[in-house]
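First the structure, in the form of structure tokens, and then the observations on it.
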Amino acid sequence: MKSALASFITVVALGIVLMFALPHTTDMFGLMQMTVFVVMAIFALSQGFIWGYGGIMSFGQAAFFGLGGYTYAVAAINFGDSTGAVALAIIVPGLFAALLGYFMFYGRISDAYIGVITLTVTVILFNLINATSGDWYTIGNAPLGGFNGMPSVPTLNMPGDPSTILDPEQLWYVTIATLILVYVLLRGILASRLGRVIVAIRENETRATLIGYDPRLYKLITFIIGAMIAGIGGCLYTNWGAFISPTVFALAMSAQVIIYVLVGGLGTLLGPILGAVLIQWLISFAGSQSAVDSNLVLGVVLVAFVLLVPQGLVPVVRDTITGFWQRRAGTGSEEQKQTTRGAEVRS
Amino acid sequence: MDLIGLVSFNVLVGIGTLVLITVGLGVIYGMMKIINLAHGEFMMLGAYTTVISVTNGINIWLAMLVIAPLVVGIVGLIVERLLIRFLYGRMIDTMLATWGLSLALIGLMTTIFGNDVRGVPAPVGGFSIGNFGASGYGIVILIVAALTLVGLFCMLRYTRYGLIVRATMQNANMASALGVAPSRIYMSTFALGAALAGLAGGVLAPISGVSPVMGAAFIAKAFITVLGGGAAIITGTGLASMIFGFINEIVSFKSTPVLGEVALLAAAIVMIRILPQGITGRFFKRSI
């Protein structure tokens, strides 16, 4: 318990240090790039939460990310003020997840089918949005633009003051502060009764049901929380480039977020964040040379991790470090090993 | 009257297309309970094989009916040996690994052939139904789809290999005790499924743009049709293709092809909710 709290405080402190240190140590290009990495980290947290803790295998988390992005774009163009648009970008994916989740969990559809259904829903959204070119497809003043997407979306402004628009550096502060906030929020949920029930259901659904918890309801709640976080990510993503296009719904987007979580470590919160930054960095590195396509790199990384390191980087590194300290202290007793195991699930 | 003829013809071709793109996936899922997310990319490989063979002067029929399935079947064999066999019984992991494979194949083909869309001319011209022109190539698709289903049925029902495959599918341990090597059966089944995907890719190459990302257009349709069909490969795939193909073509005819596809997917999702085991989980349970 103590070590879990310590690691939590360390992570938050490191996040805050990074938040203030980075603008002074890197140029504008680096800062913008880090901003999009952090956006992807928020997206990864949503997948990491529902998959790693809720045991829900969503292959279509991009649906909520994209919905958040599109909702923000449409609302911001119509309202002319970003405050309400941000709220809607969280609410709309949440509602959509409630609908879809009710349909899936209350139908007691098995894990693999949930994967395929979420994937299919994402493909439906991709097809629909792709086909919305032309004047007819306009919500309020906002043309959806079909395949070309929506350019020059108004970016975040100070709440209640549409004339003061945030500059890229301020957007960085907002983005990383959001990441830290989401992390703290999820940590809080996991430490609460709700979080413990969610994990209990992942561990043994039948037993949790017999104790008196309704797994359908708790899975639905988990799914909605995940979708709202993905919505925030999508909203910030639109803000980052002032642009959104149907590629946010593409299969590659859902694949990427799964890779982040898998590489970073399933069942951790730090893992998805680090996985997202690492993989995004790798993609931008692969994209800067033309010999090898970035999809090839991503695919090979995914296959390699499934086969060789299925538990992900963060747990492996942590086990190595704790193992090292235990051997060094010479107290590798069974009891201590078990406490570290217990802490592992939580941190 | 002519219009009804044309629409019925299109519905039939739509069903045939769906059968073609689904049956390879159905073989792998039905027998091995593996959801192969690289199915679309296997089709893409089949299409590329056809295009490349034709540009090198090989007869198009030979290219798409023989070479494409053969090449992709061999690729499937290699993939099974190097990747899938380590993951049997871990459904989610196989989904992830085959998804990785799908990305890797897209990346590999982009690296080698670039992003541009290629094509081959259809070897059959059009014909007319009353005042309307219809695609003659549709007939080819129909024939190939029908022959594939019939051939697969005969193989599973009447040959010794089919018997062994069905036995392994029902109870791998028992089959193993009787002297069958399940791993070898799985290997050949996966290769067969891949070869069927290659065939589908080859046959559909003349009517679709061949590019590294073409698989994504088929994947969702193929999956949802297989799951909608249920455990019985041939009956399930056939019935689900009929229902979904019909919905797709009718809605496409009434509105746009995009909405037709959306209607197909939406109908399939609703059906999985009602029949979680697929059509053949509830009806025709004893069929193949």
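Where a number appears in this text, it was derived from the coordinates with a stated rule and is not lab data. Computed from a predicted structure; not experimentally measured. Quick reminder, even Gly has a Cβ in these numbers, built from the backbone with ideal geometry, and neighbours come from all protein chains shown.
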- Message: If I take every Cα pair under 8 Å that is 6 or more residues apart in chain B, average their sequence separation and divide by the length, what percent do I get for the relative contact order?
- Response: 34
- Message: Mean-square fluctuation check for chain B, GNM, Cα pairs under 10 Å: which of B:PRO212, B:PRO121, B:PRO182 is largest?
- Response: B:PRO121
- Task: For region B:61-84 and region B:215-278, write down the distance between their C-alpha centroids in whole Å.
- Result: 26
- Query: Once phi is turned into ³J(HN,Hα) by the Karplus curve 6.51 cos²θ - 1.76 cosθ + 1.60 with θ = phi - 60°, what whole-Hz value does each residue of region B:115-122 show in order, with x for glycine and proline?
  - Reply: 8, 6, 8, 10, x, 10, x, 5
- Note on the structure: Checked against a 31 Å limit on the C-alpha separation, the offending pairs among B:LYS254/B:LYS285; B:LYS221/B:LYS254; B:LYS33/B:LYS254 are B:LYS254/B:LYS285; B:LYS33/B:LYS254
- Task: Please list the radius of gyration and Dmax for region B:56-188, considering alpha-carbon atoms only, with Å as the unit.
- Result: 20.0, 63
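Let me know the charge dipole size of chain A about its Cα centre in debye, to the nearest 20, where only the beta-carbon of Lys, Arg (+1) and Asp, Glu (-1) is charged.
1160
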- Item | Top of A:ILE90, A:ILE189, A:ILE42 by mean-square fluctuation, Gaussian network on chain A, Cα under 10 Å | A:ILE189
- Query: Which of A:ARG328, A:ARG202, A:ARG216 moves most in a GNM of chain A, Cα contacts under 10 Å?
  - Reply: A:ARG328
- Item | Whole-angstrom gap from region A:1-25 to region A:289-313, using each part's C-alpha centre | 28
- Item | Quarter of Cα convex hull surface for region B:107-163, i.e. mean projection, nm² | 7.7
- Shielding score for B:250-262, defined as the mean number of other chain Cβ atoms within 10 Å: 2
- Message: Going by Cα centres, region A:162-223 and region B:91-147 are how many Å apart?
- Response: 42
- Message: Apply the Karplus curve 6.51 cos²θ - 1.76 cosθ + 1.60, θ = phi - 60°, to the phi angles in region A:48-61 and return the couplings in whole Hz, x for Gly and Pro.
- Response: x, 5, 6, 7, x, 9, x, x, 9, 8, 8, 9, x, 5
- Task: With runs of 4+ DSSP H residues as the only contributors, calculate the mean residue ellipticity of chain A at 222 nm using -39,500 (n - 2.57) per run, divided by the residue total and rounded to the nearest 500.
- Result: -24500 deg cm²/dmol
- Apply the Karplus parameterisation 6.51 cos²θ - 1.76 cosθ + 1.60, with θ equal to phi minus 60°, to every residue of region B:169-178 and state each ³J(HN,Hα) to the nearest whole Hz, in sequence, with x for glycine and proline. 4, 6, 7, 5, 5, 5, 4, 5, 5, 8
- Task: Please tell me the relative contact order of region A:2-346 in percent, rounded to the nearest whole number, where contacts are Cα pairs under 8 Å and at least six residues apart.
- Result: 30
- Restricting things to alpha carbons, tell me how big region A:135-292 is in terms of Rg and Dmax, in Å. 19.3, 57
- For the protein assembly as shown, what is the convex hull volume of its Cα atoms per residue in Å³? 181
- Message: Give me the net charge for the shell around A:GLY101: Cβ to Cβ below 12 angstrom, other residues only, Lys and Arg +1, Asp and Glu -1.
- Response: +2
- Item | Scaled radius of gyration (Cα, divided by 2.2 N^0.38 Å) that region A:123-208 gives | 1.72
- Volume per residue of the C-alpha convex hull in region A:2-346, rounded to whole Å³: 158
